[in-house]
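The values are calculated or read from the model by the stated rules, or taken from the named source; none is laboratory data. Keep in mind that what you see is a predicted model, and the values were worked out from it rather than measured. With ideal geometry, Cβ positions are generated from the backbone for all residues, glycine too; neighbour counts draw on all protein chains shown. What goes into the accessible areas is simple: the full protein's heavy atoms, side chains included, and nothing from ligands, DNA or RNA. Shrake-Rupley method; radii C 1.70, N 1.55, O 1.52, S 1.80 Å.
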Amino acid sequence: QVQLVESGGGLVQPGGSLRLSCAPSGMIFSTYDMGWYRQAPGKQRELVATITRAHMTNYADSVKGRFTISRDNVKKAVYLQMNSLKPEDTANYYCNAKFAVRSYWGQGTQVTVSS
């Protein structure tokens, strides 16, 4: 059974940084494309960043230059380094794993950017 567990969320002041982690289990991690998505209250879930099996990355325009997605196939984990955080980054952040038609989601970790 595939499980994705996110961690690293919390409350941070504007301009601060957080690092999210996602530790999948029950899957061959290196074969999956991984991603981070977020959903703010009253809004649809949106893509934040993705990283393929070949470590190719893609970012939402709103986070380019501030967020960095990475993966460690040895530790079987994917990370999202978030710098220069803004109040509009406040959301529940979800880890996603995709392989062919399979797509799995974590439970999410809350990020709140506020002074």
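Taking the criterion of being modelled with pLDDT of 95 or more, farther than 19 Å from S17 by Cβ and among the basic types (K, R), the residues of region 76-115 that qualify are K76, K98. Among the residues that make up region 1-20, is at least one of them over 23 Å from V113 (Cβ atoms), at pLDDT 95 or above and either in contact with a Leu (Cβ under 9 Å, 6 or more places away or on another chain) or in a loop (DSSP other than H, G, I, E, B) (or both)? For region 1-20, residues over 23 Å from V113 (Cβ atoms), at pLDDT 95 or above and either in contact with a Leu (Cβ under 9 Å, 6 or more places away or on another chain) or in a loop (DSSP other than H, G, I, E, B) (or both): absent.
So for region 31-38 (the condition being closer than 15 Å to T109 by Cβ and in contact with a Gly (Cβ under 7 Å, 6 or more places away or on another chain)), does at least one residue qualify? No - not one qualifying residue is present in region 31-38.
Has region 84-92 got any residue that is under 16 Å from G10 (Cβ atoms), open to solvent by less than 50 Å² (accessible area, probe 1.4 Å) and of a type in the set (S, T, Y)? The answer is yes; a qualifying residue exists. Residues that are free of Cβ contacts under 8 Å to residues at least 40 places away in the same chain and over 20 Å from I28 (Cα atoms) number at least 1 in the following strands (runs of 3 or more DSSP E) confined to region 48-115: 57-59, 67-72.
When restricted to residues that are touching a residue at least 24 places away in the same chain (Cβ under 8 Å), surrounded by fewer than 20 Cβ atoms within 10 Å (Cβ to Cβ) and not in a loop (DSSP other than H, G, I, E, B), region 26-47 contains 4.
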